[in-house]
Amino acid sequence: MNLDIFKKNNKYLMLALDHRGSFKKFISPKPDAVTDEEIVKAKGMIISSLEDLFSGVLIDPGLGLSAYPNPKKPFLLCVEKTGYVESGDDRITELQYTVEELKEMGASGVKLLLYINPESDSTSKQLETAKKVLADCKKNDLPLFLEIVTYGNEKLNKSRSEWVLRSVQKFVDEEVIPDVWKLEYPGDFDSCEKISTLVKDVPWILLTRGDSFDHFKAQLSDATKAGAVGFLAGRVGFEVWPDKVK
């Protein structure tokens, strides 16, 4: 598995543009009226505007792939369906594609997003999904970028730091180790250092979770000083590129 193709200046500087439902809301206050053609056009303009800056791009296999017909940079494809299935208070990820299908589409890597509440019984189901995708990635010689988004901590009055660290620990304990971790900012510099200790030699990169541009810059500074090796970010940049996509 060649991870170096995703690097620029020895960092992962990657654009996340696999958003589906949320991207419609970005384009229009009436997302249900947004057409496929408008999505492809907008994503295509964002990619072409930033292509010289990023080392790789994450896109969805449907309209995102159509927006990047002549790729100059390697791209990841997401394997999961958009959103999640609600089961009580739990959020369950469902797969939409196989790793084999994504490889046939030209992907140089695979992204899997999992919603994790470390105190929920649903974590075991999410872990099984990760194990399946990881095994298929190894079989097809494609790197797996595993994105973990936590939830449920507010209800239990738990910190984001505890929730992120406990969630990653569950994957480590089960020996579900991706090629790259895609993780949310855990709240402070010390927690970022704890992540780096926990994941050891496996690189981890920062996601935005829709935070503001200025906040994300500060978070990224903390994370990279503490051992993160880059970012895979999208929504944080939408606010500074509105004139490019309308």
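Tabulated data for the structure shown
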quantity: Degrees, to the nearest 10: 122-139 long Cα axis against longest axis of the chain; calculated: 60 degrees
quantity: Full-stretch length increase - Lys8, Arg209 - with 0.36 nm per residue and alpha-carbon distance subtracted; calculated: 70.1 nm
quantity: ³J(HN,Hα), Karplus 6.51/-1.76/1.60, whole Hz, each residue of the stretch 106-113, x for Gly, Pro; calculated: x, 4, 9, x, 10, 10, 10, 9
quantity: Separation of the Lys131 and Glu193 label points, Cα + 7 Å toward Cβ, nm; calculated: 3.5 nm
quantity: Probe 1.4 Å, accessible area per residue of the stretch 40-179, Å²; calculated: 45 Å²
quantity: Exposure of Lys7 as accessible area (Å², to 10), given a probe of 1.4 Å and all protein chains; calculated: 70 Å²
quantity: Heavy-atom accessible surface of the chain: percent carbon and sulfur, 1.4 Å; calculated: 47 percent
quantity: Cα long-axis angle, helix 160-173 against the chain (0 to 90 degrees, to the nearest 10); calculated: 80 degrees
quantity: Fully extended contour minus Cα-Cα distance, from Asp173 to Ser28, at 0.36 nm per residue; calculated: 47.9 nm
quantity: Contour minus Cα-Cα distance for Ser49 and Tyr151 (0.36 nm per residue); calculated: 33.4 nm
quantity: Stokes-Einstein D for the chain, Kirkwood Rh over Cα pairs, 25 °C, 0.890 mPa s (µm²/s); calculated: 134 µm²/s
quantity: Acute angle (nearest 10 degrees) that the helix 36-50 long axis makes with the longest principal axis of the chain, alpha-carbon atoms; calculated: 80 degrees
quantity: Under the Karplus curve 6.51 cos²θ - 1.76 cosθ + 1.60, θ = phi - 60°, whole-Hz ³J(HN,Hα) for the stretch 221-234, x wherever Gly or Pro sits; calculated: 4, 4, 5, 5, 5, 8, x, 5, 10, x, 8, 9, 10, x
quantity: Fraction of beta bridges assigned by DSSP in the chain that are antiparallel (%, nearest 5); calculated: 15 percent
quantity: Residues with amide H under 5 Å from that of Leu95, placed H, sequence gap 5 or more; calculated: Lys81
quantity: Computed E for Lys225/Lys139 - FRET, C-beta separation, R0 35 angstrom, nearest 0.05; calculated: 0.45
quantity: Mean separation of Cα contacts under 8 Å (6+ apart) over length of the stretch 105-177, as relative contact order %; calculated: 40 percent
quantity: Set of lysines with alpha-carbon distance to Lys43 below 21 Å, sequence-local pairs under 8 removed; calculated: Lys24, Lys25, Lys30, Lys72, Lys73, Lys81, Lys111, Lys244, Lys246
quantity: Selected from Gly210, Ile27, Ala228, residue furthest toward positive end of dipole (the chain; charges at beta carbon); calculated: Ile27
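The values are calculated or read from the model by the stated rules, or taken from the named source; none is laboratory data. Everything quoted here is computed from the prediction, not taken from an experiment. In this analysis, Cβ positions are derived from the backbone assuming ideal geometry, glycine residues included, and neighbour counts consider all displayed protein chains. Calculation scope for accessible area: heavy atoms of the full protein, side chains included, ligands and nucleic acids excluded. Shrake-Rupley method; radii C 1.70, N 1.55, O 1.52, S 1.80 Å.
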